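Reading through the structure tokens given below for one structure.
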Amino acid sequence: MNRFALLTFYRSLVRHKLYAALNIGGLAVGIAVFLVLGLYVRFETSWETWLPHHQQIYLVEAKNDGTTGSRPEQNTPIAFWSAVQRDLPGTIGTRFDEAGATVVKDGVGIKESIGLVDADFPKVFDMPVVAGDMHRVFDDPSNVVLTQTAARKYFADADPIGKPMTVSYEGQSHIYRVAAVLKDFPKSTDFDVAMLARLVIPEDKASAQYQATHQWNYFDPITYVRLPDAAAARRFADELPALVNRHAQAETAEDPGYFVKLSLQPIVAAHGEAAGQKLAVATLGIVGLLTLLIAIVNYINLATARAGLRAREVAMRKVLGADRMTLARHFIGEAVATSAIAGFIGLVIAELGMPLVNAASGLSLSIAYGGWDGVLLPLVGLVLVVGAVAGVYPAIVLARMPAAAVLASARSPGGGRAGTYVREALVVFQFAIAIAFIVGTMVLVAQTRHVRNADLGFERQQLMLVPSLGNGSLNDAQRDSIFHRLSGLPGVVGATVANNQPGGGTFTSQSDVPVPGVTGKGPSIRFFETTPGFFKIIGARLLAGRVFDPAHPADVDANRLPENAKGDGNLPYNMVINRTALTALHIASPQAAIGRTFAGPNSPPRTIIGVIDDMRFDDPRSPIAPTMYDYVPRDPREAIAMLRFTGDPKTLLDAARTVWRQEAPEVPFDAKTAQQNLELYYRHDDHTASLFTIGAVLAVAIGCVGLWGLASFNTARRIKEIGIRKTLGASSTDIVMLLVGQFLRPVLIANLFAWPLAFLAMRTWLAGFDDRIALSPLFFVVATLLAVAIAVLTVLAQSLRAARSTPAWALRHE
């Protein structure tokens, strides 16, 4: 744009301040929403891209008969990579097994997370090193690698290289020597550990861990491979079925029919596989894009509505020799300049609103201006694109105005019927999206509230969970003493121990249960171990039969008793199942299940003594798994204490922590209420709903601003018509109804597009939940009424002002 064009642009903004404010303000808000949600989408899609050569790194996923759900698991058998090392030498890869660890500092145990890896870990991951050397660091099993934060935590400002550390995990204490310090991992990574150490596979068959590390039906680590290119990845994937056939069944003595299917997944795509993750990210990206489109439509609407104000300017320029292309370039340049101003203001709005967005999303997003991930260059490109898209149609409209007709006319052209139709179509588009957003917001909020307040099949209130009771560093005497003292704390009305808890436990296993008369090895059913009082403390609902009772010796899983540790594991015992297990076991009703016994060649005889209602311990997206409960007198694997209490949870937590520090100060204390533990499952959908609501509200606000401006300009055009109507007897009410009805028509038509769009989008989103609300027509009706109310309130002020004008003034007005 030359100096004359810039001067014309400035005069246009100054002369029509309201028009400029609406245009720039709408575009600024649209750009701000697009920028913020774009930052969120970029963060969620950038996981593991910080790793050098991340394009070459894949993780192995596994799917077998025992996997609940349709998606593969990211955990694989430890024995799998051992087989790869034997059969496919030269393949670069590593296992990564995250474990809870305890670091003792000044006599107090500190809870940490440790990653156990193979010797080739540094060949797979070129992680930035701050101190020491990662080359062949894990050839020595006594080496440990710390992150910067962990190094400062345990060694302050001293050089940690070569210093000893005592770390306990999985019931064993290890003395390590610090060999290297890594730069802290970014937030966009699944490597959430403070230290790395060598994964040692026991080869002693008498070892308690031998079976878990040499049989294929024990899942634990994540397995990563580094392959040079996509062709190598395909070749490796093609080798996996034969590898499984050679080893899986032959090395799984307790399950001769065992089968697992393995596949490859690029590491950068692994994070998005969490339930609903990809859909949530895509949804918020679409919200940002549609909000920007609404702002662009808003600009086009206002620009074409006000085209008449510049008609004579265009005519005079044509008389003085300007052609259509020159005029079109000028007006597109003005649109780009408007977009640039809006972009700057939008960046300011985004920066000011970032704390609110972070609070709503639970993230720590920030705007970087320079560098490869800076926002300035993308913002320049966005400004150019938005300006070009928003300005091209108004520029064409203005450039095509006939000079002679405009100069001969006593009034400015209004675009005619075609222009009116285009503006109405744009309003229909705006409000179709706005109504769909309103429906989406109501459904998201209703669903998130539903999963928080739904009946989970147990009493989640006033239940304290202490998973640290299962810490392997505790001996039996400490564990018994701690549990006894916790049970006697003030406010505790009952206590029990199990190895699963609301919000996810530390032990999950499944077992095939052969069904008489049904071919095959039977359905795979999850099983948990419980101790006396579990069902009463948890608040389970009994549907038929009874629960475990110490007075019935047959209730005890005798295979878990110390005296039977060397047996074949096929001693009979009783079990309790949940409602979902009835279908899996082909049982018609809870009452029909009582007394049924299930057994097989590699499955002990299990007799059902009770059926309880389903208890949802896992996330609301996953279906409740068929579950059976075993009974052990004490010490289930990876025990979790459960305390039913009254009163203030913080008071009980402080008292429990005091008891713990007196009994086992070297072991970290870990306890939460059931509600706090379940919060993890609700938080992500809450954040999605909050961000969606923010985007939807601002999108609707932009649409309302555009509608208000359009109503104001169109009402001003019809002042003389209003005067004539009032002279002929029309009342103010008639005038208001006429003007309001004109703008309600496109809003009502918008519902024809909004309802199907919202229905399909919300049905897809709700399908990701096992426990979900019904997609009621009430959501759509309320959204329509709300949109109509917003539209009426938006245009009512202009309509009332026009209707109250005197006919004499209106007839003289031009």
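The values are calculated or read from the model by the stated rules, or taken from the named source; none is laboratory data. These figures come from a predicted structure and were not determined experimentally. All Cβ positions, glycine included, derive from the backbone under ideal geometry; neighbour counts span all protein chains shown. We work out accessible area using only protein heavy atoms, side chains counted, and drop any ligands, DNA or RNA first. Shrake-Rupley method; radii C 1.70, N 1.55, O 1.52, S 1.80 Å.
Before moving on, here are some points about what is shown:
- Sorting HIS135, HIS54 by solvent-accessible area of protein heavy atoms yields HIS135, HIS54, largest first, with a 1.4 Å probe.
- Angle in degrees between helix 476-487 and the longest Cα principal axis of the chain, rounded to the nearest 10: 50 degrees
- Portion, in percent, of the accessible area of the stretch 59-141 that falls on carbon or sulfur, probe 1.4 Å: 49 percent
- Charge dipole (Cα centre; +1 on Lys/Arg Cβ, -1 on Asp/Glu Cβ; no other charges) of the stretch 436-578 amounts to roughly 480 debye.
- Mean Cβ count within 10 Å, highest first, over the residues of peptides 775-783, 513-521, 283-291: 283-291, 775-783, 513-521
- Relative contact order (%) - the chain, alpha-carbon pairs under 8 angstrom, separation at least six: 16 percent
- For the peptides 549-555, 99-105, the ranking by packing is 99-105, 549-555, with the highest mean count of neighbouring Cβ atoms within 10 Å listed first.
- Shown for the stretch 28-159 is the translational diffusion coefficient from the Stokes-Einstein equation, using the Kirkwood radius over Cα pairs, a temperature of 4 °C and a viscosity of 1.567 mPa s: 69 µm²/s.
- Packing rank of 136-146, 465-475, 294-304, where each peptide gets the mean count of other beta carbons within 10 Å, highest leading: 294-304, 465-475, 136-146
- Euclidean distance of C-alpha centroids, the stretch 645-678 and the stretch 560-593, integer Å: 33 Å
- Accessible carbon and sulfur surface of the stretch 328-401 relative to its total accessible area, %, 1.4 Å: 77 percent
- Checking (i) 1.21; (ii) 0.97; (iii) 1.26 against Cα Rg over 2.2 N^0.38 Å calculated from these atoms, the matching label is (i).
- All lysines inside 21 Å of LYS566 as judged from Cα atoms, apart from same-chain residues fewer than 8 positions distant: LYS205
- Partners for LYS153 among lysines (Cα-Cα distance below 20 Å; same-chain residues under 8 apart left out): LYS105, LYS111, LYS163, LYS183, LYS187
- Cα-Cα pairs of the stretch 594-670 separated by more than 22 Å (percent): 55 percent
- Shape class of the stretch 88-229 from the alpha-carbon gyration tensor: oblate, with a/c at 1.5 or above and b/c at least as large as a/b.
- Each residue was assigned an accessible area with a 1.4 Å probe, and for HIS484 the value is about 140 Å².
- Each Lys and Arg contributes +1 and each Asp and Glu -1, all at the Cβ; summed about the Cα centre of the chain, the dipole is approximately 5440 debye.
- Environment charge of PRO186, counting only residues whose C-beta is closer than 14 Å and scoring Lys/Arg +1, Asp/Glu -1: -3
- Per-residue SASA entry for GLU563, accessible area with 1.4 Å probe, Å² rounded to 10: 130 Å²
- Nearby aspartates and glutamates by direct alpha-carbon distance to LYS123 (threshold 15 angstrom, same-chain neighbours under 8 apart not counted): ASP133, ASP139
- Remark: relative contact order (the stretch 485-542) = 34 percent; criterion is Cα-Cα distance under 8 angstrom and separation of 6 or more residues.
- Considering only beta bridges that DSSP places wholly inside the chain, some 75 percent are antiparallel.
- Positive-end extreme of charge dipole, the chain - chosen from ALA593, VAL297, GLY93 (charges on Cβ): VAL297
- Averaging the Cα positions of each part gives two centres, and for the stretch 281-295 and the stretch 100-163 these lie 43 Å apart.
- Spin-label proximity, ALA253 to the stretch 550-580 - amide N less than 18 Å from point 7 Å beyond Cα toward beta carbon: 564-571
- Per residue, the chain exposes 45 Å² of solvent-accessible protein surface, assessed with a 1.4 angstrom probe and all protein chains in place.
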